[in-house]
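One structure below.
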Amino acid sequence: MGELKLMKGNEVIAEAAIRYGADGYFGYPITPQSEIMETLMAQKPWETTGMVVLQAESEVASINMLYGGAACGKRVMTSSSSPGLSLMLEGVSYLAGAELPCLLVNVVRGGPGLGTIQPSQADYFQATKGGGHGDYQIIVLAPASVQEMNDFVGLGFDLAFKYRIPSLILSDGVIGQMMEKVEVSDYKPRWTDEEIQKISGSWATTGKTKNRERHIATSLDLQAEKMEEHNHKLQAKYREIEKNEVRYEEFQTDDAEYLLVAYGSSARICQKSVTLLRQKGIKVGLLRPITVWPFPSQRIAELANQVKGMLAVEMSAGQMVMDVKLAVNGKIPVSHFGRYGGVVHSPGEVVEAFEKQFLGGK
Amino acid sequence: MADIEIKDIIKKENLVYSKSKILTDNEMHYCPGCSHGTSHKLVAEVIEEMGIQEKTIGISPVGCSVLAYNYLDIDWQQAAHGRAPALATAAKRLMPDHFVFTYQGDGDLASIGTAEILHACNRGENITVIFVNNAIYGMTGGQMAPTTLIGMPTATSPYGREAALHGFPLKITELIAQLPGVAYVTRQSVHTPAAARKAKKAIRKGFENQEKKIGTSFIEIVSTCSSGWKLSPVASNQWMEEHMFKFYPLGDLKDAERDNEADYKKYIE
Ligand SMILES: Cc1ncc(C[n+]2csc(CCOP(=O)(O)OP(=O)(O)O)c2C)c(N)n1
C-alpha cells in the first residue's frame, strides 16, 4: 500500500504528476484550481525529478506549450478552470489533429462567461463533444474523489500515450477544493531518452537522425482527400477507444426499478439520495460514468430494459442527460435534475426531484 | 577553341556551389521574388555547416511558410497561428541540448502571436527566432499586417493604410530589443547576395547563441511579397529598399555579447 495523506484534490494532482514522472507542467492561474501550480512551484520538482514547471502568459500559451512538449514525446500537462479551457480549445483541436498525447485538467466552475468560482459541471458538452473545431474527441475522465484525482493522472497519461490523444480530467470545484484521505502513488522515474525512443520513436520530434525520415508534428493537409483519410483514421481510433475504454461504477443497481445517472461530485451526492430513497422503500440505483467520453451508453441501454425511468443528475442545465437519452433511445422516460451556475444540489433536492418526476410529486 | 563538353566541366574540382544537404528536393511553393526561399536556404546552410541536423527542431508558423517542413530535412512542429514561440519554449525547456528555432511571418509574430513572442523573449528562452517581415499577409491574399506601412495599399486597406483608421505600423523588433531576456536582435534582408551573406552570419550567430545559453536571438528579415504587393520581383526589391528600409532600418539592435553592459546580465545578477 502506498503512502496515505490528507490532501486537497488540486494538491494531489500536482503530487501525482511529480510521482508519475511527468516531464512538464505549463499553466496559468485561475480559481478554483490554482493550488495545482502553486503546489508544483513549492515542491520544485525540477530539482528532484527534473520536471519542468512553467507559469505561462496565458492558457493559449499553455496549451501550445503542451503541443511543443508533446511533440517531443514528453509527458506534459496543464490545468485550468472553465474560462481557461475555452481559450485552449484551438490548441486542443491541433493536438487531436496532430495525434499528440497530453493531459489536461479542468476544475470546472460556473458559467457562462466569467461566471462564478463555485463548482459546476456545465463544461460537459465542451469536454465530450470535441469543443474546438473539427471532428475530434478526447478521452474524458470524471473523478468523484480526491483518490481518483490521484489515480487519473497516471491513467490519463497512459491512455493518452496508448492512443496518441489528449486526455482530460473533468473535475469540478468540489473535488478540487475538498480534502480527503488519499493513497498517493509511489515515485516513478521520468522516461529516459531511450524509453522515449522506444515508446514514441516513430513519430516524436527529437531530432532527425540518419536512420530515419524527418518527423513532422502537424494537423495540416491541404488536400481534402488526404484530410478525409486522416479523419477516417481518427474516427477508427475513436471507435477503438469506445470499444476498450468505457469505465463506470454501479451502486445498488441489481434490483433497481429506477436509475440515477451522475458523474463526479454529483455522483457522490446521488449515493446519499439513493440511500434516502431506499429508506422510503423505493428501489433506486446509481450509475456513475467514470469516463464521460467514451460514455457508458451500452450499459445504460441495458439498464433501460430493467428500470422504469432514469434521472440524470448534474450541476448543469442538462448536458449529460442528452447522452443518457441517446443511449435509452426513447425506451423509458429520462429526465434531468440539477442546480447550476455554481450551486451544488443537496441529496434531499435530488430525492424531491425524483419523486416529482417519477412518483407524481409530493 | 577546342570543344568543351558540359560533362567535362561538371567535376568535383570545379564545384563552386551546391545546394545545402538540409534542403529537400521538394519543389518550393513560393511565388517568384518571395524572400522565404532564400531565407529557408540560409537557415538550411547554417544547420548544415554547424552540423546540428540531428539536434534541431524547427517550428513552422501559419502563413506562407507553414509548409517549411517540406523543404528543410529536420524534425518540425507545425504551430497554430502565432503560437510558435510557445511550442519552442516547451521543446527547448524539455530538450535543452537541442537547437530550437521558430520561423514566423509578421502577421503570425506581430499580430495574433504578439503575446507569445513577447513573453518567450521576455523569459529569455534560449531559442532562435527567424522573423520574415513582408509587411503583409501573404498566405491569405495580401491583407494588411500590423507591419504594413502608412499609405501602403492592401486587400483590407485598399486606399492605403491610414493611421487614424488602421493604427500605426508596429516596430515589434524595436520592442523586443528592450527586453532583458533577449541576447541578440538584428534586422537583415536577403535581396542581394551581399545582404544574404550578412543575414546568414546573423542566423548563424543566433544558433550559436543557443549553445552559450545567453537568451533569445531574434533575427528579422525585411522581405518582399511580390504577389501581395502587386509588383514584379525587381520592382519589389526597389520598393523595399526605398520604403521598407526607411521605416525598418537594417542592422543590429542589440548584441548582449558585444555590449558588456548587457541588460540580460544586469537583470539576472
Ligand atoms: C486562428 C487563425 N486565424 C486566422 C488564420 C488565417 N491566416 C492564415 S495565414 C494568415 C496570415 C499570415 O501572414 P504572415 O504571418 O504575415 O505570413 P506570410 O503569409 O506573409 O508569410 C492568416 C491571417 C488562421 N489560419 N488561424
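The values are calculated or read from the model by the stated rules, or taken from the named source; none is laboratory data. What you see is a predicted model; the values in this text were computed from it and never measured. Counting neighbours? That spans all protein chains shown, and the Cβs are built from the backbone with ideal geometry, glycine included. Surface accessibility is based on the protein's heavy atoms, side chains included, excluding ligands, DNA and RNA. Shrake-Rupley method; radii C 1.70, N 1.55, O 1.52, S 1.80 Å.
The eigenvalues of the Cα gyration tensor, multiplied by 5 and square-rooted, give chain A an equivalent ellipsoid with semi-axes of 36, 23, 18 Å from largest to smallest. Estimated from the Cβ-Cβ distance and a Förster radius of 56 angstrom, the FRET efficiency linking A:HIS230 and A:ARG278 is about 0.65. By DSSP, the beta bridges lying fully in chain A are antiparallel in about 25 percent of cases. Listed by number, the DSSP H helices of chain A that run 15 Å or longer by alpha-carbon position along their axis and have mean Kyte hydropathy of at least -1.0 are A:9-20, A:59-71, A:82-97, A:146-163, A:264-279, A:347-358.
Annotation: Cα Rg of the range A:249-358 relative to the compact-globule expectation 2.2 N^0.38 Å equals 0.94.
What is the antiparallel percent of DSSP beta bridges lying wholly in the protein assembly as shown, to the nearest 5? The partial results should precede the final answer.
On the way: 20 of 80 bridges.
Percent antiparallel among DSSP bridges in the protein assembly as shown is about 25.
Here's how it looks for B:ILE221: its modeled amide H is under 5 Å from those of B:PHE131, B:VAL132, B:ASN133, B:GLN188, which are all 5 or more places away or on a different chain. For A:LYS5, go through the aspartates and glutamates and keep the ones whose alpha-carbon is under 19 Å away, minus same-chain ones fewer than eight residues off. Counting by Cα, and skipping residues close in sequence, A:LYS5 has these aspartates and glutamates nearby: A:GLU15, A:GLU35, A:GLU38, A:GLU148, A:ASP151, A:GLU180, A:GLU183, A:ASP186.
Estimate for me the total accessible surface buried between chains A and B (protein heavy atoms, probe 1.4 Å, no ligands or nucleic acids), in Å² to the nearest 100. If you can, show how the numbers build up before the last one.
Working: alone 15550 and 13190 Å², together 25970 Å².
The A and B chains share an interface burying roughly 2800 Å².
Volume per residue for the protein assembly as shown equals 192 cubic angstrom (convex hull of Cα atoms). Comparing Cα centroids, the range B:63-80 and the range A:113-141 end up 31 angstrom apart. Each principal axis of the Cα atoms in the range A:4-193 has its own extent, and those three values, largest first, are 38, 37, 28 angstrom.
From the cross-link list B:LYS55/B:LYS254; A:LYS162/A:LYS243; A:LYS226/B:LYS55; A:LYS74/B:LYS254, which pairs have alpha carbons spaced over 25 Å apart? Over 25 Å Cα-Cα: B:LYS55/B:LYS254; A:LYS226/B:LYS55; A:LYS74/B:LYS254. For the range B:159-211, applying the loop criterion from DSSP together with a ceiling of 12 other beta carbons within 10 Å to the chymotrypsin sites (Phe, Trp or Tyr not before Pro) yields B:TYR159. For the range A:67-84, a decrease in accessible area of 30 Å² or greater in the assembled protein chains relative to the isolated chain, with a 1.4 Å probe, applies to A:TYR67, A:GLY68, A:CYS72, A:LYS74. Scanning chain A for GluC sites (Glu not before Pro) that sit in a DSSP loop and have at most 15 other Cβ atoms within 10 Å, the longest stretch containing none of them is A:4-212. Taking every protein chain into account, the accessible area of the protein assembly as shown amounts to 41 square angstrom per residue (probe 1.4 Å). Note on A:PHE251: accessible area approximately 60 square angstrom, rounded to 10, probe 1.4 Å, nucleic acids and ligands left out. Percent of Cα pairs in the range A:1-108 per distance bin of 5 Å, from zero to the largest separation: 2, 14, 25, 24, 20, 10, 4, 1, 0.
Of the trypsin sites (Lys or Arg not before Pro) in the range B:168-245, the ones in a loop by DSSP (not H, G, I, E or B) with at most 15 other beta carbons within 10 Å are B:LYS213, B:LYS230.
A cut-off of 5 Å between modelled amide H atoms, ignoring neighbours fewer than 5 places along the same chain, links A:LEU168 with A:LEU104, A:ILE139, A:VAL140, A:LEU141.
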